[in-house]
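Scroll down for the structure; my scribbles are underneath it.
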Amino acid sequence: MNYKQIYKNIINNAKTRDNSSLKIKEIHHFLPFHWLGIGNKNDWNFATVILSPREHFICHLLLNKILPNCPQAIMALQRMINSGNSNYKCNSKIYEKHKHKFIEAIISLRKNKIKDKKRREINSLLLKQKWKTKEYRDKMINLRTDPIKDNKRRDICSKKMKSLNENGLKEKTIKRNKNMDHMSQEQLIKMRHNQKQSVLNTVTVIFLDGIIKKVSKEFYKNNKNKTCYHVSSKSAANILGKPYTGGRPKQKN
């Protein structure tokens, strides 16, 4: 099967037709040369076309056939599959086959220190941009302040960590910690002390605009019940519009 020709036919058809009849429109980079290290995505903004969700998904399937060893092509399709968007649907065979390719692509990228550093920087920037939006902050706050959802999240994280430890993460962590073997006992104690103090000297508060963050105890003492409140307080629950559950649990003696 000539995957390139099928891909070209979809793109050429999308270029010449009237897209006003499409209920949902999605922009697709039909020349993704930035995947191959030729410039960046913005350099290729002229090479875009409007597709329907079905066409967009098929195009990314075809790109995986055309560029089978391109990690970016594999991860772009994986994001579409796991986006939760009901417009993108795939059967179990496609999902399983692509999942194996996705894992291999991730491993290959992690081995390349330059590409892995770039990936981390991009992900960090995207996450910072997300946190700037009130919608995303409200979503994350809702997860942490809803006892049922928070317990569910904790259970999932706990099971995931147990699974990772059983598959060798614990040994890797021990091995990584051996990198501190060059430090003297005094240096280690001082490092642990500084880490502990950084936690003890901060308080998690909520401001009047709903933003939750850690502040110094001195700041909290000066602004308590004026511009900020402790996250476990009744006032914090009122700001979030959540029922008050009784504050912090009492510590056992």
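The values are calculated or read from the model by the stated rules, or taken from the named source; none is laboratory data. All values reported here derive from a predicted model rather than from experimental measurement. FYI the Cβ positions are ideal-geometry reconstructions off the backbone, even for glycines, and counts take in every protein chain you see.
Things worth noting here:
- Of everything listed in (1) modelled with pLDDT of 80 or more; (2) part of a helix (DSSP H, G or I), the single unmet condition for Ile107 is (1).
- Which listed residue, of Lys139, Lys118, is within 29 Å of Lys25 (Cβ to Cβ) and either without any contact (Cβ under 8 Å) to a residue 24 or more places away in the chain or of a type in the set (Gly, Ala, Ser) (or both): Lys139
- Of the criteria (1) of a type outside the set (A, V, I, L, M); (2) part of a helix (DSSP H, G or I); (3) surrounded by 13 or more Cβ atoms within 10 Å (Cβ to Cβ), which one Arg120 fails: (3)
- Helices (runs of 4 or more DSSP H) within the range 136-253 that include 1 or more residues under 27 Å from Leu126 (Cβ atoms), among the acidic types (Asp, Glu) and modelled with pLDDT under 85: 147-166
- Scanning the range 8-37 for residues that are at pLDDT 65 or above and aliphatic (A, V, I, L, M) turns up Ile10, Ile11, Ala14, Leu22, Ile24, Ile27, Leu31.
- Evaluation of Trp131 against the conditions (1) under 19 Å from His28 (Cβ atoms); (2) at pLDDT 80 or above shows that the sole unmet condition is (1).
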